[in-house]
Each structure stands twice: as structure tokens, then as C-alpha cells.
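Here is the structure we will look at.
The values are calculated or read from the model by the stated rules, or taken from the named source; none is laboratory data. Small disclaimer: the values here were computed from a predicted structure and weren't measured. Ideal geometry is used to build each Cβ from the backbone, glycine not excepted, and the neighbour counts take in all protein chains shown. In case anyone asks, the SASA skips ligands and DNA or RNA and just uses the protein heavy atoms, side chains included. Shrake-Rupley method; radii C 1.70, N 1.55, O 1.52, S 1.80 Å.
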Amino acid sequence: MSYSCALQKPILLQGHERSITQIKYNREGDLIFSVAKDTVANVWYSVNGERLGTYNGHTGALWCVDCDWDTKNVLTGSADNSCRLWDCETGKQLAMLNTSSAVRTCGFDFSGNIIMFSTDKQMGYQCFLNYFDLRDPQQIEDNQPYLTVPCAESKITSAVWGPLGEFVIAGHENGEINQFSAKSGEVLKKVKEHNKQINDIQTSVDLTMVITASKDCSSKLFDSTTLDHIKSFKTERPVNSAAISPIMDHVVMGGGQEAMEVTTTSTRIGKFEARFFHAAYEEEFGRVKGHFGPINCVAFHPDGKSYSSGGEDGYTRIHHFDPQYFDFELEA
């Protein structure tokens with residue numbers, strides 16, 4: 001009972017010299033943005049893997065990238081202690097927001113007017129979640145967010161905007177998930193279903209659900225408004241990233257060991273497949289090999305007909321599903 005993932009040959013995107021940290025499709029899915037630990041943000045055509053251009057300026061590893069709904073602006077966050085706004089088409093830097101520590105997560109709300117980003121707890125600085133309104137040039141000029149939320153207990157390791165831009169859903173180093181209001185900064189809801197760090201949070205296409213990926217070797221599906229825990233997907237190794245299919249009841253998960261643990265174990269042991277689970281039955285039904293080293297991020301194309309994975313090996317791979325994938329039924 002397994003779907004043999006006889007995918008067409010993947011498209012290999014070679015534009016980074018170091019490991020990929022995040023990949024994102026724009027809303028139409030014609031572009032993929034990739035960031036890595038090599039200071040460069042790339043944008044690619046998803047249909048053929050051709051590189052469209054780069055966003056140059058950061059001087060440290062990039063941890064996060066996002067694109068607004070009409071693909072006008074791109075946001076990147078880096079270990080060089082800055083979050084930068086770019087013109088998507090020209091690659092011109094529009095704004096630079098300086099921070100006291102590395103920027104770990106960033107994102108546009110659904111309107112594209114409000115951005116959020118979180119900073120790391122390091123060098124004596126605590127973790128902050130910052131909100132800026134791009135319609136107010138004064139905030140950008142003065143580098144003054146309209147709202148700053150300190151996270152004293154446990155730093156934010158992943159974050160996404162909730163529906164309607166009312167709050168940000170953040171995953172923490174201690175396994176907690178919090179909803180932080182974008183108006184007041186208060187914690188609206190809090191759950192702790194994971195017992196280790198949450199490496200990634202992604203929303204479903206309609207923003208009603210989020211999926212987490214945790215170091216505790218599991219992925220979980222939550223209602224984004226109530227944070228009710230809906231489903232769990234368990235593996236034997238840490239999960240670095242997980243995504244929800246926009247058209248099927250499927251989730252894809254990518255993982256492997258931590259980068260620092262990879263060198264201490266034989267390469268044979270590392271299983272670096274993307275793993276497909278049925279969202280309702282919590283059953284694994286397929287695997288896709290390909291990366292040399294752990295998979296750091298996965299993303300579904302908005303049309304659900306392909307997905308991408310970014311690896312510790314510095315490559316991004318675009319996999320198009322074959323026709324059998326869409327007819328595949330899990331036997332109950």
C-alpha cells in the first residue's frame with residue numbers, strides 16, 4: 001500500500017553555495033524565492049528552474065524570505081542583524097531595518113501592508129517580535145516598529161501570519177505555539193503539543209490550518225484560530241519543515257539530522273527523503289529521495305501539482321507529480 005513516487009525528473013536549482021534555509025512560492029506560483037547561508041536571495045521561474053535574479057546586499061546568512069500577495073515586494077531576514085525590503089522586479093533594496101540580533105523569521109500579512117519579523121536571543125539581547133506598517137514611512141525611517149513584543153521565556157524559531165492579519169502564530173524553541181496579536185501584542189492563545197523546538201510553521205492555502213515541524217520527530221496540524229490540535233504525523237528523525245497540499249489531503253515533511261550531527265554519523269544512516277503523509281489518516285504513503293543531506297525546507301506549489309525542497313546540500317529541487325499521484329487513494 002504505497003504510492004510509488006515515480007516523479008518526473010526533478011528540476012535542480014543551483015544558485016547557492018551553502019545550505020538552503022527557506023524557500024517560498026509567490027501567490028501565483030510562477031516564482032520561487034530561495035535563501036541560504038551564503039548571503040544571497042535568489043528568485044527563480046518555477047516552470048523551468050531558470051534563475052530570474054538575485055537580491056544582493058546582506059552580509060550574513062539569510063534565515064527567512066517572504067513575498068507579498070501581488071509579488072511587488074520581497075522581505076528577507078538575516079544573521080547580519082537586518083531585515084530588508086526589496087523591489088521584487090528590479091532587485092532594488094527599498095528599506096533596511098536594523099536589529100540588535102539575527103532576524104530569524106519574517107512575513108507580510110495578507111494585505112502586504114504590515115510586516116512582522118522576529119529576532120534571535122543572542123549576545124545578551126532577548127528575542128523580540130516586531131511589527132512595522134509599511135504605509136508609514138516614518139516607522140521605516142526611524143527604524144521604530146509600531147509594536148514590539150518581547151519573548152523572554154523561549155525564543156521564536158518559526159512564525160507565520162494568521163488569517164486576516166489579526167495575529168502571528170509563532171513556534172518556540174521550547175515547543176510552545178503562541179498567537180501574538182498584531183494590534184496589542186498580547187498572547188491570544190497558547191498551546192504546547194511539542195516537547196522540542198518547532199523548526200517550521202506553514203499555513204494551509206486558505207489560512208485555516210497550520211502545520212508544525214519539530215525537532216521531536218513529529219509534525220502536527222492545528223486550527224489556526226483556536227490552535228486546536230487536529231492531527232499528528234510521526235517519524236524517527238527530526239522534522240525540519242512541513243507543508244500542506246492545497247488540493248489533496250496530503251502533507252509533505254522534510255528532515256534528517258541536525259547539520260552538526262551529520263558529520264558525526266555515516267552517510268549511509270542519514271535518510272534524506274521527503275515523506276508524504278495522508279492528512280486525515282496520519283499514514284505515510286510515499287517518499288521521494290534526492291538530497292545529499294538533510295532537507296531544510298519544503299513547499300507546495302499553490303496549484304498542488306508540484307512541490308519543492310531545499311537541502312543542506314545547497315540545492316533546491318522542484319518535483320512535478322506524475323498523473324498517478326492525483327488518482328492515488330489510500331486504502332482504509
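Summary of computed values
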quantity: Where a residue in segment 111-135 is surrounded by fewer than 19 Cβ atoms within 10 Å (Cβ to Cβ) and its partner, wherever it lies, is of a type in the set (A, V, I, L, M) and assigned to a strand (DSSP E or B), with Cβ under 8 Å and at least six apart; calculated: Asp133/Ile114
quantity: Complete set of residues in segment 294-332 that are of a type in the set (Gly, Ala, Ser) and either out of contact with any strand residue (DSSP E or B) (no Cβ under 6 Å at 6 or more places or on another chain) or free of Cβ contacts under 8 Å to residues at least 12 places away in the same chain (or both); calculated: Gly304, Gly314, Ala332
quantity: From the options Lys196, Lys215, residue that is in contact (Cβ under 8 Å) with a residue 12 or more places away in the chain, open to solvent by 50 Å² or more (accessible area, probe 1.4 Å), within 28 Å of Gly311 (Cα to Cα) and in contact with a Pro (Cβ under 6 Å, 6 or more places away or on another chain); calculated: Lys215
quantity: Complete set of residues in segment 161-177 that are in a loop (DSSP other than H, G, I, E, B) and touching a Leu at 6+ places or on another chain (Cβ under 8 Å); calculated: Gly162
quantity: Selected residue [under 25 Å from Ser101 (Cα atoms) and in a loop (DSSP other than H, G, I, E, B)] from Ser184, Ser158; calculated: Ser184
quantity: Residue match in segment 61-79 (condition: open to solvent by 40 Å² or more (accessible area, probe 1.4 Å), assigned to a loop (DSSP other than H, G, I, E, B) and free of Cβ contacts under 8 Å to residues at least 12 places away in the same chain); calculated: no
quantity: Pick from segment 83-102, criterion assigned to a strand (DSSP E or B) and open to solvent by 10 Å² or more (accessible area, probe 1.4 Å), ranking: farthest from Trp69 (Cα to Cα); calculated: Asn98
quantity: Pick from segment 37-60, criterion more than 18 Å from Ile23 (Cβ to Cβ) and among the small types (Gly, Ala, Ser), ranking: least open to solvent (accessible area, probe 1.4 Å); calculated: Gly60
quantity: Any hit, segment 103-110, residues being under 24 Å from Gly171 (Cβ atoms), acidic (Asp, Glu), in contact with a Lys or Arg (Cβ under 9 Å, 6 or more places away or on another chain) and assigned to a loop (DSSP other than H, G, I, E, B); calculated: no
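Every residue, every condition in (1) open to solvent by less than 10 Å² (accessible area, probe 1.4 Å); (2) modelled with pLDDT under 95; (3) among the polar types (S, T, N, Q); (4) farther than 24 Å from Lys155 by Cα, yes or no:
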site	(1), (2), (3), (4)
Gln202	no, no, yes, no
Ile211	yes, no, no, no
Ser219	yes, no, yes, no
His229	no, no, no, no
His250	yes, no, no, yes
Met253	yes, no, no, no
